[in-house]
Amino acid sequence: YDDMVIQNYMKANSLTGYTKVQSILLPGNYYYYKILIPATTNDPITLNSTATATFTGQIFNGTIFSQYNVAGGQALPVADALPGVQEGLEYYAVAGTEISLIMPSTLGSGLPASSGGTPAFSCLRFTFDVVSVTP
């Protein structure tokens, strides 16, 4: 169901150029990513890294539930991030990358109950501008 919701959202908002990938953490679940600005470094992101980034997280009605847009970014321990964010950053981003992630509810909050200001079972969209990575 979530994949249909995501595809409808992408179509309604003219979002193109996204790549659909199967989750490694939760096989059978798919998320989408798009590199908006390619990397300027080769500093890899791992589960043990801290990525310093500016970001916006929103639900599909446009409501922003998480945002940090101060110059220099905010330090984000990758291991503490939502499963879809962990995978998207670890496998498709390095320092200097700007990436958009669209994920189903299972890779978002992972909880059926409302959490962190997002309604239950919400598909999510994130944009990250990764400023730096600390191993």
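So Phe121 ticks every box in (1) open to solvent by less than 70 Å² (accessible area, probe 1.4 Å); (2) in contact with a Pro (Cβ under 8 Å, 6 or more places away or on another chain) but one. Which box is left unticked?
That leaves (1) as the condition not met.
Sort through Ile45, Ile6, Ile35, Ile24 and tell me the only one that's of a type in the set (A, V, I, L, M, F, W, C), modelled with pLDDT of 90 or more and out of contact with any strand residue (DSSP E or B) (no Cβ under 9 Å at 6 or more places or on another chain).
Ile24
Kindly list the number of the only condition in (1) open to solvent by 40 Å² or more (accessible area, probe 1.4 Å); (2) in contact (Cβ under 8 Å) with a residue 40 or more places away in the chain; (3) part of a loop (DSSP other than H, G, I, E, B) that fails for Leu15.
It is condition (1) that Leu15 fails.
What is the number of the single condition among (1) closer than 24 Å to Thr118 by Cα; (2) open to solvent by 70 Å² or more (accessible area, probe 1.4 Å); (3) over 15 Å from the mean Cα position of the chain (by Cα) that Tyr9 does not meet?
(2)
Residue by residue through the stretch 26-48, note down the ones that are within 12 Å of Val130 (Cα to Cα) and either free of Cβ contacts under 8 Å to residues at least 24 places away in the same chain or touching a helix residue (DSSP H, G or I) at 6+ places or on another chain (Cβ under 8 Å) (or both).
Ile35, Ile45
Which of the residues spanning the stretch 18-52 are of a type in the set (Gly, Ala, Ser) and surrounded by fewer than 12 Cβ atoms within 10 Å (Cβ to Cβ)?
To start, the set of residues in the stretch 18-52 that are of a type in the set (Gly, Ala, Ser) comprises 23, 28, 39, 49, 51.
Once the filter is applied, which keeps residues that are of a type in the set (Gly, Ala, Ser) and surrounded by fewer than 12 Cβ atoms within 10 Å (Cβ to Cβ), the stretch 18-52 yields only Gly28.
The values are calculated or read from the model by the stated rules, or taken from the named source; none is laboratory data. The structure presented is a predicted model; accordingly, all values stated were derived computationally and were not measured. Positions of Cβ are backbone-derived with ideal geometry, glycine not excepted, and every protein chain shown enters the neighbour counts. The area values use the complete protein model at the heavy-atom level, side chains included, leaving out ligands, DNA and RNA. Shrake-Rupley method; radii C 1.70, N 1.55, O 1.52, S 1.80 Å.
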